[in-house]
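What follows is a set of notes on a single structure, which appears directly below.
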Amino acid sequence: MPFDERRFPAGAGDGPRPHVLREYGLLADGHRGALIGPEGDVSWLCAPGWADPPVFSSLLGGRGSYLVSPANRRFVWGGHYEPGSLIWVSRWVTTDGIVECREALLFPGDARRLVLLRQIRALDGETAVRVRLDPRADFGREPLRDVHRDGDRWTARTGGLHLRHTGGAALPSGDAGQLDGELRVPAGGRHDLVLEVSAAPLDGPAPDPLESWRITEHRWHESVPRLAGGAQRDATLAYTVLRGLTVPRGGMVAAASTALPERALAGRNYDYRYAWVRDQSFAGQAAALTGRYDLLDDAVAFLTERVLADGDRLAPAYTVTGGRVPPQTELASLPGYPGAPVRVGNWVGGQFQLDAFGEVLQVFAAAARHDRLADDSWRALTETARTIEKRWREPDSGIWELPARQWTHSKLACVAGLRAAARVAPPALAGRWAALGDAILADAARHGRHPSGRWQRAYDDERVDAALLLPGIRGALPADDPRTEATRRTVLTELAEDGYLYRFRPDARPLGDAEGAFVLCGFAAALAAWRCGDAVGATRWFERNRAACGPPGLYSEEYDVRQRQLRGNAPQAFVHAMMLEAAITLGQAVPCRP
């Protein structure tokens, strides 16, 4: 069957339409990530690293994309991850038969060069598959150049990137040099496509597809712990996502994407392709519960380096290699994901977030409990406690990155961190840090306690905030402290809807009108219920929020309760971290013994 331009008109080259976020899967290798849609469209991939400009950006309206999809457009879509990996299998049931495409980034990845593997499989009859490869660097603004074909090999450049594609000998070239046409795969047959994108010339031999798949399968199997229990699959996937979002011995990006709106036309869309100190701490603590310590070690290594370098001026977020986050700018040339403009960079770098220092102490203390804290990390732990001692009275921007105030959660997060650190410290330091924690707690009790006996959002704000569940979970106060339980009950009364939890009420509008429910907060509610002895409530909260995902099983930051849709950047790392922590704490997932 020859390529039919009537079915794929020239205008289609601008890229596939965007889909709802719940339908996107993630491919990741630690150094970058791709989002793949239900039509087999790789709509987002930054290269060579997480925060570099994308080479495929049709998700935000850029020209670059990579499509592998049934030529028969009458199909229904499905898919799944192969267990314990980020190997995604797209599956299309057409009126002609069933087609699958196995997708992965070669794992583990290389910082300067990515390899994208795609394997088309015709399950029960000969199939025709549409393939369109149109890489465009810098959000689609860089054209293809130096295009050359030699049999099965296609090479080109775009921007500063070098490209090589193999397996597409039967694909015709378009006017701009892109590959665009159909491949035929016999019944029961397979066809491999391999794309390389590199910051340096690709002079060596092209990767062997079979060997690349073997390496990827083996290394994922080695890298992901074995879990059991009722939530085994989802908890394992949560760990796998965290592994895929983390540079080995480096930072973990908060999400693979930028500029995906939390609420349409609300102006809240940010670039999360950076490593947040708080998120890194959450992930390290959660991963430690699995009995594997590589993600904990990565978190400790990254945070140690940053604390020792920046001390009391520790930024809330960095690039994954420890650099400064660039300021936020807007790309007016792109239409963006519907409902929001395209923004890159993030203004968070100039904030002071006190609670992050408490979280750093928590993850250092977790490492110390497992005898995994080296001398330089002990120095970083001491420096972090010293910074809290120096700056805890200052207003800060808090966990939600708002204008600086005396946020009660920030104070209590430091109390939890200091108490965790005191439990693993030598006696002299333990006494000093415990006393400092007591002093901060006393100040919070004087200024941050509501007349009803619960904690209030800030010293000058009597409202409640879901973040106030976290200090009770982290051990700032005993589980039976009346302020902890009073806060939990008020949070659930005022901020819950249909089993999901919102951060706070920003104004007089009903819940859900200002923003979506925060999935992180829903898992925090499960942990808070568990800690106070409500196993039934904990399970209810856990199961409800475990379902706040799409077919790939990935979580975004927010969940639109009424429309049952994901909102914000995806996949969101700290949600997966809290889900993993809740699953293991509640016994829904249990590490298997080797």
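The values are calculated or read from the model by the stated rules, or taken from the named source; none is laboratory data. Source: prediction; values computed, not measured. No Cβ is skipped: glycine too gets one built from the backbone with ideal geometry, and neighbour counts run over all protein chains shown.
Tabulated data
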item: Scope region 406-434; condition buried (at least 24 other Cβ atoms within 10 Å of the Cβ) and over 28 Å from residue 375 (Cβ atoms); matching residues; result: 407, 408, 409, 410, 411, 412
item: Candidate set: region 268-295, residues that are part of a loop (DSSP other than H, G, I, E, B) and charged (D, E, K, R); chosen: the one modelled with the lowest pLDDT; result: 268
item: Single condition residue 93 does not satisfy, out of (1) at pLDDT 95 or above; (2) within 23 Å of residue 165 (Cβ to Cβ); result: (2)
item: Enumeration of residues in region 506-528 that are surrounded by fewer than 23 Cβ atoms within 10 Å (Cβ to Cβ), among the hydrophobic types (A, V, I, L, M, F, W, C) and touching a residue at least 12 places away in the same chain (Cβ under 8 Å); result: 511, 514, 527
item: Residue within region 63-70 that is at pLDDT 95 or above, at positive phi and crowded, with 17+ Cβ neighbours inside 10 Å present; result: no
item: Scope region 190-248; condition in a helix (DSSP H, G or I) and either polar (S, T, N, Q) or touching a Cys at 6+ places or on another chain (Cβ under 7 Å) (or both); matching residues; result: 212, 216, 223, 232, 236, 240
item: The lone exception for residue 262 - which of (1) touching a helix residue (DSSP H, G or I) at 6+ places or on another chain (Cβ under 8 Å); (2) outside the structural domain of residue 123 (by TED's automatic domain parsing); (3) acidic (Asp, Glu); (4) surrounded by fewer than 24 Cβ atoms within 10 Å (Cβ to Cβ) it fails; result: (1)
item: Residue match in region 323-337 (condition: of a type outside the set (Val, Ile, Thr), surrounded by 19 or more Cβ atoms within 10 Å (Cβ to Cβ), in a loop (DSSP other than H, G, I, E, B) and touching a strand residue (DSSP E or B) at 6+ places or on another chain (Cβ under 8 Å)); result: yes
item: Answer residue from region 380-414, given it is touching a residue at least 60 places away in the same chain (Cβ under 8 Å) and of a type in the set (Val, Ile, Thr) and is nearest to residue 468 (Cα to Cα) among those; result: 408
item: Failed item in (1) within 25 Å of the chain's Cα centre (by Cα); (2) farther than 20 Å from residue 358 by Cβ; (3) surrounded by 17 or more Cβ atoms within 10 Å (Cβ to Cβ), with residue 551 passing the rest; result: (3)
item: Extreme residue, nearest to residue 363 (Cα to Cα), among residues of region 542-594 that are of a type in the set (Lys, Arg) and either in contact with a Pro (Cβ under 9 Å, 6 or more places away or on another chain) or part of a helix (DSSP H, G or I) (or both); result: 546
item: Boolean, residue 437 is modelled with pLDDT of 95 or more, buried (at least 24 other Cβ atoms within 10 Å of the Cβ), of a type outside the set (Lys, Arg) and within 22 Å of residue 366 (Cα to Cα); result: yes
item: One residue from 267, 250 being surrounded by fewer than 17 Cβ atoms within 10 Å (Cβ to Cβ) and not assigned by TED's automatic domain parsing to the domain that holds residue 87; result: 267
item: Inter-residue pairs, beta-carbon under 7 Å, first at pLDDT below 95 and in region 460-484, second surrounded by fewer than 22 Cβ atoms within 10 Å (Cβ to Cβ) and part of a loop (DSSP other than H, G, I, E, B), 6+ apart; result: 479/532
item: Selected residue (criterion: surrounded by the fewest Cβ atoms within 10 Å (Cβ to Cβ)) from residues of region 123-161 that are assigned to a loop (DSSP other than H, G, I, E, B) and in contact (Cβ under 8 Å) with a residue 60 or more places away in the chain; result: 124
item: Tally of residues being acidic (Asp, Glu) and surrounded by fewer than 19 Cβ atoms within 10 Å (Cβ to Cβ) across region 162-181; result: 1
item: Qualifying residue in region 221-229 (condition: at pLDDT 95 or above, out of contact with any helix residue (DSSP H, G or I) (no Cβ under 9 Å at 6 or more places or on another chain) and surrounded by 16 or more Cβ atoms within 10 Å (Cβ to Cβ)); result: no
item: Selection status of residue 329, hydroxyl-bearing (Ser, Thr, Tyr) and farther than 30 Å from residue 54 by Cα; result: no
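Listed here are the residues, each with its yes/no results for (1) free of Cβ contacts under 8 Å to residues at least 40 places away in the same chain; (2) of a type in the set (Ser, Thr, Tyr); (3) closer than 25 Å to residue 56 by Cβ.
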{"position": "296", "(1), (2), (3)": "no, no, no"}
{"position": "300", "(1), (2), (3)": "no, no, no"}
{"position": "310", "(1), (2), (3)": "yes, no, no"}
{"position": "313", "(1), (2), (3)": "yes, no, no"}
{"position": "320", "(1), (2), (3)": "no, no, yes"}
